[in-house]
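These notes concern the structure reproduced below.
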Amino acid sequence: MTEDEHQRVIDELDTVIRDTRALMERFEASGMDEAMAGDYAQLHDLYSRAVSDQKAHTLATLVLPRRSNDPGIN
């Protein structure tokens with residue numbers, strides 16, 4: 001993947017992370033995290049996978065070869 005492709009995935013995962021966390025907070029505020037524990041666990045799993053995937057894509061961008069036209073390349 002290119003750096004731009006990784007960044008696009010990182011941005012999309014950021015949206016998933018924010019939306020999932022907001023939904024989890026609504027579950028917690030209404031007590032549904034206990035009443036619907038299975039669904040809440042699935043939300044937590046989704047959140048965890050998205051954070052893990054985002055980390056992997058972020059790390060991948062750090063190890064990509066720099067473009068030869070970058071000013072930092074000698």
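Observations
- Just one of the listed residues (Asp4, Asp53, Asp11, Asp33) is at pLDDT below 95 and part of a helix (DSSP H, G or I), and it is Asp4.
- One residue stands out in region 1-52 among those that are open to solvent by less than 60 Å² (accessible area, probe 1.4 Å) and in contact with a Ser or Thr (Cβ under 7 Å, 6 or more places away or on another chain): the one that is nearest to Pro65 (Cα to Cα), namely His6.
- Cβ-Cβ distances below 6 Å connect no pair with a first residue in region 41-59 that is within 22 Å of Phe27 (Cα to Cα) and in contact (Cβ under 8 Å) with a residue 40 or more places away in the chain, a second residue that is open to solvent by less than 60 Å² (accessible area, probe 1.4 Å) and not in a helix (DSSP H, G or I), and a separation of six or more residues or different chains.
The values are calculated or read from the model by the stated rules, or taken from the named source; none is laboratory data. These figures come from a predicted structure and were not determined experimentally. Cβ coordinates were reconstructed from backbone atoms using ideal geometry, including for glycine residues, and neighbour counts include every protein chain displayed. The protein model used for the area step is the full one, side chains on, heavy atoms only, and it has no ligands, DNA or RNA in it. Shrake-Rupley method; radii C 1.70, N 1.55, O 1.52, S 1.80 Å.
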